[in-house]
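Asker: Dropping the structure in here first, questions after.
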Amino acid sequence: MPILATPITFAFKLFRLVAFTCTFVALLAAFRSGKSIYIHRCSSRAMHVGFGQGSHGKLISFFVIYGHSGANGSTKKAAATSAILKACIIEAMIFPEVPKFLLGDRNGDWATFPELATFRDTMGWTDLNAVADQWGQQPDAPTCITAQANEATVRDMVLACPIAFPWVTN
């Protein structure tokens, strides 16, 4: 099981999980090293937390991301968001038995980030917005309107791994 750190106490506990893979550690450490403006901001744009009850309760893992604004128009910003998603992929593979979700604002279209296809097609994760009709909701419903757009887009996401998906009820 992942190592837990920094508990926040309420009925259940929310923990910031210690990074296990070199890729996720590097992502979080880049902020302190002063790398390029886009890469060093990655550490404040990704978090891995666990949610559980008691020391022997079920742990649920959440990767929370905030992609770089304007990724559709900037290869540099798209690459920085892709680096976050790649780190999440590698970290998610460490504990295959743990239910996991990836959520946040990718700040770009799905097609801009090939890592999302890896989650869906290779790892079997489900885009909950794409299958929202299972719960009587509109599938692929717009999630935001950017300052530069005239139409609503789908930039926010929640993906569920195959173990976590059956837990989603609405």
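The values are calculated or read from the model by the stated rules, or taken from the named source; none is laboratory data. Only a predicted model underlies this, so the values are computations on that prediction, with no experimental measurement involved. Neighbour counts run over all protein chains shown; Cβ positions are idealised from the backbone, glycine included. SASA here: full protein model, heavy atoms, side chains in, ligands and nucleic acids out. Shrake-Rupley method; radii C 1.70, N 1.55, O 1.52, S 1.80 Å.
Asker: Sorted from largest down, what three extents in whole angstroms do the Cα atoms of segment 59-124 have along their principal axes?
Answerer: 37, 20, 15
Asker: Can you give me the % of accessible surface on segment 42-170 that is carbon or sulfur? Probe 1.4 Å, all protein chains present, nothing else counted. If you can, show how the numbers build up before the last one.
Answerer: Numbers: 3520 of 6330 Å².
That share works out to 56 percent.
Asker: For a protection proxy built on the mean count of beta-carbon atoms within 10 angstrom, sort 152-161, 75-84, 117-126 highest first, please.
Answerer: Ranked from most to least packed, the peptides come out as 75-84, 152-161, 117-126.
Asker: On average, how much accessible surface per residue is there in segment 39-141, in Å², for a 1.4 Å probe, leaving out ligands, DNA and RNA?
Answerer: Ligands and nucleic acids excluded, the figure is 45 Å² per residue.
Asker: Want the number for MET47 to VAL158: 0.36 nm per residue separation, take away the alpha-carbon distance, what's left?
Answerer: Contour length minus the Cα-Cα distance gives 38.5 nm.
Asker: Using mean Cβ contacts within 10 Å as the protection proxy, how do 96-107, 134-145 order, highest first?
Answerer: Ranked from most to least packed, the peptides come out as 96-107, 134-145.
Asker: Between THR122 and THR169, what FRET efficiency comes out of the Förster formula 1/(1 + (r/R0)^6) with R0 = 25 Å and r the beta carbon distance, rounded to 0.05? Write down the numbers at each step before the final one.
Answerer: Working: r = 26 Å, r/R0 = 1.05.
Efficiency at R0 = 25 Å is approximately 0.45.
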